[in-house]
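See structure below.
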Amino acid sequence: MAEISTVNVITESGLTALTFTSASDSGDKFQNNGRLFVACKNGNAEGEAITFTFTTQVTSFDSPQYGDASKANATVSVEPGQIGFIGPFVGQAFNDSDNNVNISYSATASVSVAICSFM
């Protein structure tokens, strides 16, 4: 699993281009502070939609207000030639023991992600 360390910061001055990282066959991870979102790019000109899956680390919990509850993985399906957005990711649910969010892909050819944050 490859670690993505580049974060695209959107400031008051704006951001005109995102720095994308190519998807790794074994998946990717990024350090999460609870305020990040991800731009998911399906660079294929044609073909099938790509599913980006963000793995939930805590899948079930007991809520004092709602009782037993479950948390599913977060997913976004992106059509060919399109960019989808997903996030932010609550640390208590998505962070692994190293405070990383883990990403997997239904395919990786011409697929990339950009980790983004507002200042």
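Is there any pair with a first residue in the stretch 37-51 that is within 16 Å of Ile86 (Cα to Cα) and a second that is open to solvent by less than 60 Å² (accessible area, probe 1.4 Å) and polar (S, T, N, Q) whose Cβ atoms are under 8 Å apart and which are 6 or more apart or on different chains, and what are they?
Once the first residue is within 16 Å of Ile86 (Cα to Cα) and sits in the stretch 37-51, its partners that are open to solvent by less than 60 Å² (accessible area, probe 1.4 Å) and polar (S, T, N, Q) give Phe37/Ser117; Ala39/Asn8; Lys41/Ser112; Ala49/Asn42; Ile50/Asn42; Ile50/Asn44.
Counting residues that are open to solvent by 40 Å² or more (accessible area, probe 1.4 Å) and among the small types (Gly, Ala, Ser), which strands (runs of 3 or more DSSP E) fully inside the stretch 1-82 reach at least 1? Can you show your working first?
Details: elements: 7-10, 28-31, 37-42, 50-54, 60-63, 67-70, 74-78.
Those strands (runs of 3 or more DSSP E) span 60-63, 67-70, 74-78.
Checking Ala45 against (1) under 19 Å from Ser77 (Cα atoms); (2) touching a strand residue (DSSP E or B) at 6+ places or on another chain (Cβ under 7 Å), which test does it fail?
(2)
Among the residues of the stretch 83-92, which ones are out of contact with any strand residue (DSSP E or B) (no Cβ under 8 Å at 6 or more places or on another chain) and either part of a strand (DSSP E or B) or open to solvent by 80 Å² or more (accessible area, probe 1.4 Å) (or both)? Step through it out loud before you land on a result.
Within the stretch 83-92, the subset out of contact with any strand residue (DSSP E or B) (no Cβ under 8 Å at 6 or more places or on another chain) is 90-92.
The answer is Val90, Gln92.
So how many residues does the stretch 94-111 have that are surrounded by 19 or more Cβ atoms within 10 Å (Cβ to Cβ) and either in a helix (DSSP H, G or I) or not polar (S, T, N, Q) (or both)?
Total meeting the criteria: 5.
Please give the number of the condition Ala93 fails out of (1) closer than 20 Å to Leu18 by Cβ; (2) in contact (Cβ under 8 Å) with a residue 24 or more places away in the chain.
Exception for Ala93: condition (1).
The values are calculated or read from the model by the stated rules, or taken from the named source; none is laboratory data. For clarity, every value in this text was computed on a predicted model and none was experimentally measured. All Cβ positions, glycine included, derive from the backbone under ideal geometry; neighbour counts span all protein chains shown. Ligands, DNA and RNA are stripped out before the accessible areas are found, and what is left, the full protein with its side chains, is counted by its heavy atoms. Shrake-Rupley method; radii C 1.70, N 1.55, O 1.52, S 1.80 Å.
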